[in-house]
1. From the set of residues in segment 134-151 that are modelled with pLDDT of 90 or more and under 19 Å from the mean Cα position of the chain (by Cα), which is surrounded by the fewest Cβ atoms within 10 Å (Cβ to Cβ)?
2. Since residue 168 meets every condition but one in (1) under 22 Å from the mean Cα position of the chain (by Cα); (2) at pLDDT 85 or above, which condition does it not meet?
3. Scanning for something more than 19 Å from residue 33 (Cα to Cα), within 19 Å of the chain's Cα centre (by Cα), part of a helix (DSSP H, G or I) and at pLDDT 85 or above, does segment 178-192 turn up at least one residue?
4. Being part of a helix (DSSP H, G or I) and either touching a strand residue (DSSP E or B) at 6+ places or on another chain (Cβ under 7 Å) or without any contact (Cβ under 8 Å) to a residue 12 or more places away in the chain (or both) narrows it down to one residue among 119, 108; which is it?
5. Can you say whether residue 55 is farther than 30 Å from residue 190 by Cβ and modelled with pLDDT of 85 or more, as far as the supplied structure shows?
6. Can you say whether residue 173 is closer than 23 Å to residue 86 by Cβ, modelled with pLDDT under 90 and either assigned to a helix (DSSP H, G or I) or more than 19 Å from the chain's Cα centre (by Cα) (or both), as far as the supplied structure shows?
7. Please verify whether residue 154 is farther than 23 Å from residue 127 by Cβ and modelled with pLDDT of 75 or more, treating the condition exactly as stated.
């Protein structure tokens, strides 16, 4: 699986700047190939809604059909494991707005995941307690250092991620459970420019 650089195709960014589509990408990444009906069961949506959004993601090359099944019983699999976006000079306003919407959608999802974890963390099985990571650390970086930090964190994450889910829906490690990983390192006291 490869990453897709949405800088060069704002249509892809627009396609994924939707909570249901992000949920579907996460689900396919975690569970492997799924039908629209199974996605609907797992996300609490209708098969028609999931089918529509799976087709949109497929049209942009982010997922593909496995080639088996018919209708809503056709399984879909992830093609792109990672999406990247980088602001480029001269970007038009509509692309900026879509990029901002994408970032806000991701942030809202992350907040929901973390709030849910905080609310239920004391009821987790013993082996799942005190294994999560919530780090907050103010620091001072140059732009070069901040970019290097982001690249290194991405490399560390890639090393620790399990291989993409295969055509089998059973995880390779029976004790494995879904985990959400969010890493933020953003400038907080820098004057904005028009560039």
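1. 151
2. Just one mismatch for residue 168, condition (2).
3. No, segment 178-192 contains no residue that is more than 19 Å from residue 33 (Cα to Cα), within 19 Å of the chain's Cα centre (by Cα), part of a helix (DSSP H, G or I) and at pLDDT 85 or above.
4. It is 119.
5. Numbers: farther than 30 Å from residue 190 by Cβ: yes; modelled with pLDDT of 85 or more: yes.
Spelling it out, residue 55 is indeed farther than 30 Å from residue 190 by Cβ and modelled with pLDDT of 85 or more.
6. Here the answer is no, as residue 173 does not meet what is asked.
7. yes
For (1) over 14 Å from residue 187 (Cα atoms); (2) touching a helix residue (DSSP H, G or I) at 6+ places or on another chain (Cβ under 9 Å); (3) part of a loop (DSSP other than H, G, I, E, B), each residue gets a yes or a no:
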| residue | (1), (2), (3) |
| --- | --- |
| 134 | yes, yes, yes |
| 137 | no, no, yes |
| 140 | no, no, yes |
| 149 | no, no, no |
| 153 | yes, no, no |
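The values are calculated or read from the model by the stated rules, or taken from the named source; none is laboratory data. Note that the structure is a prediction, hence the values are computed from the model and not measured. Because the Cβ atoms are built from the backbone with ideal geometry, glycine has one as well, and the counts that use them run over all protein chains shown.
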